[in-house]
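Here the structure is laid out as structure tokens; the discussion comes afterwards.
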Amino acid sequence: ELNTPLNSIIITCKILEKELPKENAADVKTIKKEAMRCVEIINSLKTLSPQSQHDFRKEKINLKEVVMTALKFLKTNDYIIFNLDINEQASIYGDKRLLQLAISNILMNAVDAVYPEGEIDIYLSENKNKYKLEIIDNGKGMTHEEIENIFTPFYTTKSPNSGLGIGLSLVYKIIREHNAFIYVDSKKDMGTKFTLEFESYDKNNTH
């Protein structure tokens, strides 16, 4: 159970924030914030587990806000350029925390693909009661085999020290649980495009 040690870290950080000088407290605040994000991710994974009751916190959410929040937490550098063209009114019915987790994962993969420098385009458009979110990078791209297996649990194109490779399989499950669709198009050494298609909030509420 990872939540127990993480909660201990959070509580300790809260105590240290009050006791340490302001310049040191800022670092502790960052640790606390990241630990809280870990707890949120673990809770999201529990929600998607076969044993859960799929008690999603679905509500009307603005997809632009979800994307912008994911970007805010993204660790990158000044040599990676983001180009945004986002529909301001894109409202869908979904679980905000799960969608942030999914979109953050796709963005992190895009950053890894273009690192140390490159461009990532993010488009959010509307067409016939559907919203299409496209995340396009000009990075290293993928082979046909990698595309075929990209949503397979524990399949990864990264080094053995980069994690278990559960990220994109989890992304796929989150998107499908929202009755949405995800597609990937990629060419080796030319880049990758992830496309997510959601029904609009208004269409969801006419069912």
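Within the span defined as the range 134-155, one or more residues are modelled with pLDDT of 95 or more, closer than 19 Å to Asn62 by Cα and buried (at least 16 other Cβ atoms within 10 Å of the Cβ).
Of everything in the range 115-133 that's part of a loop (DSSP other than H, G, I, E, B) and charged (D, E, K, R), which residue is surrounded by the fewest Cβ atoms within 10 Å (Cβ to Cβ)?
So the first thing to find is which residues in the range 115-133 are part of a loop (DSSP other than H, G, I, E, B), and the list is 115-117, 127-129.
The next check asks that each one be charged (D, E, K, R); those that pass are 117, 128.
Details: Glu117: 12, Lys128: 6.
Looking at the filtered set, the residue picked out is Lys128.
The values are calculated or read from the model by the stated rules, or taken from the named source; none is laboratory data. What you are looking at is a predicted structure, and each value in this text was computed from that prediction instead of being measured. Note that we place each Cβ from the backbone using ideal geometry, even for glycine, and neighbour counts take in every protein chain shown.
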